[in-house]
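S.K.: Dumping the structure here so I can ask a few things about it.
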Amino acid sequence: MAKLSELIEKIDETAKAGDREKAVRMIDSLLPKAPDNPALMTRRNKYQAELEMQRRLQALEKKFGSA
């Protein structure tokens, strides 16, 4: 199994590529193996908030059209 730091790096790359939903799922799958890991929890909260904002923006663009 890969090191935790390598997995976190891969998660960060996935999120930077724009796939925050996948990044959150990846973190969720790691949490049972590394419970209460502050780095994972911080990233999960950050990417979850970004994902929610992205979804809101997409809904607004769909409703009002994109500028």
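Nothing in this text is a laboratory measurement; each read-out follows from the coordinates by a stated rule. Keep in mind that this is a model prediction, so the values were computed, not measured. Positions of Cβ are generated from backbone atoms using ideal geometry, with glycine treated the same way; all protein chains shown enter the neighbour counts.
S.K.: List every residue whose amide H lies under 5 Å from the amide H of Ala34, counting only residues 5 or more places away in sequence or on a different chain, with H placed 1.01 Å from N in the peptide plane.
M.R.: Counting only residues 5 or more places away or on other chains, the set is empty.
S.K.: Something else about it: Within the chain, how many Lys pairs sit with Cα atoms under 19 Å apart, leaving out pairs fewer than 8 places apart on the same chain? Mind dumping the intermediate values first?
M.R.: Details: Lys3/Lys33; Lys10/Lys22; Lys10/Lys33; Lys10/Lys46; Lys16/Lys46; Lys22/Lys33; Lys22/Lys46.
The result is 7.
S.K.: For the chain, what is the calculated [θ] at 222 nm in deg cm²/dmol (nearest 500), taking -39500 (n - 2.57) for each run of four or more DSSP H residues and dividing by its residue count?
M.R.: Here the helix-only value at 222 nm equals -25500 deg cm²/dmol.
S.K.: Using a 7 Å offset from Cα along Cα-Cβ at Lys22, what residues in segment 47-62 end up with backbone N under 14 Å from the label point?
M.R.: Of the residues in segment 47-62, none has backbone N under 14 Å from the label point off Lys22.
S.K.: What Kirkwood hydrodynamic radius, in Å, does the chain give when the mean of 1/r is taken over all pairs of distinct Cα atoms and then inverted?
M.R.: Kirkwood radius, the chain: 12.8 Å.
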